[in-house]
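All of the numbers you see were taken from the coordinates with simple rules; none came from a lab. These numbers were taken from a predicted model, which means no experiment stands behind them. Please note: Cβ atoms are built from the backbone with ideal geometry, for glycine as well, and neighbour counts cover all protein chains shown.
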Amino acid sequence: MKRRFFNTTGPCNPEKHYMLPPEDRLVGSQLSRYIKDELYWVLHAPRQTGKTTFLQNWAREINAGVEAVACYVSVERCDRISQAKEAMPAICDAIRRAAENNELPVPVCDDSNYLSMLNSILSNWSELVAPKPLIVLFDEVDVLVDETMVSFLRQLRDGFATRGIGKFPVSIALVGMRDLKDYLIKAKDGKPVNPGSPFNIKEDSAVLSNFSRDDVAKLFALRTEETGQQITQAVSP
């Protein structure tokens, strides 16, 4: 079997890399409740802190069970595309590719109206995975700007009211470097967010904590247990 290693260049996979359960570092989250109570939420943290690692591994854990279907979708390809008419087809394509790559049913994209395109594809996807509920984890959401961001959030809010098995994702995570209010302020050219914002339905804004000395010690212990090689005091925390 190929030996695992410490990875610092991107998302970690427990089959290839030494890693701790990413969910252990979540602060202000209620993972099981988001699914059970059909809630939408936000996760924000700086780059290279483990957000994508958490999302991909949590999706794998959910899909290994029988209760729900989850998929990680990155919208990074829409970076700085301010016009929703251009961005929405790209987001829908990202959804289809993510479904295909994860061997999930691939939803149909109705490209007749970009103002409802995201709502439509998520509704179709939910119908395809029924009788299991659908969970979608959107990463890199903070690259969306201006009209694109507002349209993206409004279409999710429209679907929220009808969410349920076979209808619309029961839980959606929006993940990036900033909290949701910062997305909206940026999308509205710095103007304050009013109570009728296009995404006033989030349950929590969770963060990832920094690695502690204990976390580093646990990582080293994983390698020692697996290889028998001790980590010297000079490099231990």
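Whole-Hz Karplus values for segment 135-152 come out as 10, 10, 10, 8, 9, 6, 5, 6, 7, 6, 9, 6, 4, 4, 4, 5, 5, 4 Hz, taken residue by residue from phi with 6.51 cos²θ - 1.76 cosθ + 1.60 and θ = phi - 60°; glycine and proline positions read x. Among Arg77, Arg25, a tally of other beta-carbon atoms within 10 Å of each Cβ gives an order, fewest to most, of Arg77, Arg25. Over segment 92-164, how many percent of alpha carbon pairs lie in each 10 Å bin up to the one with the longest distance? Result, from short to long distances: 18, 53, 27, 1 percent.
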